[in-house]
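Reviewing the structure listed below.
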Amino acid sequence: MDPPVAVRGDGVYVVDGSGKRYLDASGGAAVSCLGHSHQAVIEAIREQAGKLAFAHTGFFTTEPMEALAEFLATRAPGRLDRIYFLSGGSEAVEAAIKMARQYFLEIGQPQRRTVIARRQSYHGNTLGALAAGGNQWRRAQFEPLLTDVVHISPCYAYRDQRDDEDEAAYGRRVADELETAIQQAEPDTVMAFIAEPVVGATAGAVPAVPGYLKRIREICDRHGVLLILDEVMCGMGRTGTLFACEQDGVAPDLVAIAKGLGAGYQPIGALLATDTIFEAFRSGSGFFQHGHTYMGHAIACAAALAVQRTIEAERLLDNVQRMGALLREGLESRFGNHHHVGDIRGRGLFVGLELVADRSTKEPFDPAKRLHAKVKSAAMARGLMCYPMGGTIDGRRGDHVLLAPPFIVDGEHIAAIVETIGDSIDAALAEAA
Ligand SMILES: Cc1ncc(COP(=O)(O)O)c(C=O)c1O
């Protein structure tokens, strides 16, 4: 079916050509964190376009790029003080992988070349990012083009935590797979481990258990491996803190952000690197062998700066925490005893529901039913945008629904989301029966 034509935004709603309004409960794909028509952002874009739309970074820096870099550097955890702007998430991940590789050349460890990542992760669709990603469905047809990446288990407690383990023991066991993978590689050849702190599109808002990322950080440090966190989807306030990893108490060496950075008002992503990495380049070759024409685009930076300043000025991350708790409560009461909702999970306004054929055995639905697609259509018919996906378990089996509403939602919006997602899931189940 052809998609409706979106013609206008109105706060948390997208309006199509017929005037039908859609409550954006997923921010598209966890993008539109400020809703769709925020005047402060529109004004900032207008003003910057009137002054200077673009100046190539090979010649100039610009005021909005410097101001946005300063904004991010002063708020990022650890020593992530150096910012490299890009035009989206895949570009940010791609740059992270290349920066990690060149860093080891700069410091005289040219043998380091291997990336370790996790199954069921998503890091983008360009070839480097796709190779790092562990989602079989997305990788399959491009497999011959992908570089070798070692994949370890995700941290997916709902399915993989054993009965004889508590969360801490489970987290240790799966984190220790990284140590084993590093030891199994040729000595000192691993350059980086990459992971999403809360796995988004491919698994449906799966946070790591407490302690997992801390142990990952220790293992990376012990072996001189860089830790890259992909916060393209879960970062920029989505989980209730500006960076998701703040809640895990770790700071990575490199972090990729995008989506919520510009909130969809402009295409923009960024890679944040530590001073240590920056200094290695400065005192080495002096040049990162990378670049794209539109990096640091002046209008994109001005828009993202307006988005981030608005979120901070309006204290919207407090609202993310409050409304996130309300959303979880609403979903628990609507689905807490639902035979086909196996798990409700996430952090802040980043929430996933895993749908199962049988709640007691966790048996998934037959993928041929395409339950996730039916939920999406049922929700759109009812004027609700959500982000369902199949292949939750292994790229083929499993269905989940991801919710990631704008940070400006109120209690009435949350109630409407819970009611409509409930109706949509029930309608989809009836259709699939
Ligand atoms: C965690 C993660 N990394 C990378 C990407 C790729 O970002 P983009 O689609 O902007 O290239 C996505 C997009 O969904 C993502 O969720």
Go through (1) open to solvent by 60 Å² or more (accessible area, probe 1.4 Å); (2) more than 20 Å from THR420 (Cα to Cα) one by one and return the number of the condition SER333 breaks. (2)
Being open to solvent by less than 10 Å² (accessible area, probe 1.4 Å) and not in a helix (DSSP H, G or I) is true for just one of ALA192, ALA175. Which residue is that? ALA192
How do the helices (runs of 4 or more DSSP H) wholly within segment 115-165 filter down when requiring 1 or more residues that are farther than 27 Å from ASP188 by Cα and either open to solvent by less than 10 Å² (accessible area, probe 1.4 Å) or away from the ligand (no atom under 16 Å from the Cβ) (or both): which remain? 136-139, 157-160
When you go through ASP423, ASP394, ASP343 one by one, which is the residue that is open to solvent by 30 Å² or more (accessible area, probe 1.4 Å) and in a strand (DSSP E or B)? ASP343
Just to be sure before I move on: is ARG382 on the phi > 0 side of the Ramachandran plot and open to solvent by 60 Å² or more (accessible area, probe 1.4 Å) in the structure I sent? no
Just to be sure, is GLY324 more than 16 Å from the ligand (Cβ to nearest atom), buried (at least 23 other Cβ atoms within 10 Å of the Cβ) and in contact (Cβ under 8 Å) with a residue 24 or more places away in the chain? yes
Go through (1) outside any loop (DSSP other than H, G, I, E, B); (2) within 16 Å of the ligand (Cβ to nearest atom) for PHE71 and report which single condition fails. (2)
Checked GLY9, GLY108 against criteria (more than 16 Å from the ligand (Cβ to nearest atom), without any contact (Cβ under 8 Å) to a residue 60 or more places away in the chain, surrounded by fewer than 16 Cβ atoms within 10 Å (Cβ to Cβ) and small (Gly, Ala, Ser)); the one match is GLY108
Residue list for segment 76-90, restricted to those being more than 16 Å from the ligand (Cβ to nearest atom) and either farther than 20 Å from PRO64 by Cα or under 16 Å from the mean Cα position of the chain (by Cα) (or both): PRO77, GLY78, ARG79
Number of the exception - VAL93 against (1) open to solvent by 10 Å² or more (accessible area, probe 1.4 Å); (2) touching a strand residue (DSSP E or B) at 6+ places or on another chain (Cβ under 7 Å); (3) within 16 Å of the ligand (Cβ to nearest atom); (4) of a type in the set (Val, Ile, Thr): (1)
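The values are calculated or read from the model by the stated rules, or taken from the named source; none is laboratory data. The shown structure was predicted, so the numbers you read here are calculated from the model rather than taken from an experiment. As a convention, Cβ positions derive from the backbone with ideal geometry for all residues, glycine included, and neighbour counts pool all protein chains shown. Heads up: the accessible areas ignore ligands, DNA and RNA and are worked out on the full protein's heavy atoms, side chains in. Shrake-Rupley method; radii C 1.70, N 1.55, O 1.52, S 1.80 Å.
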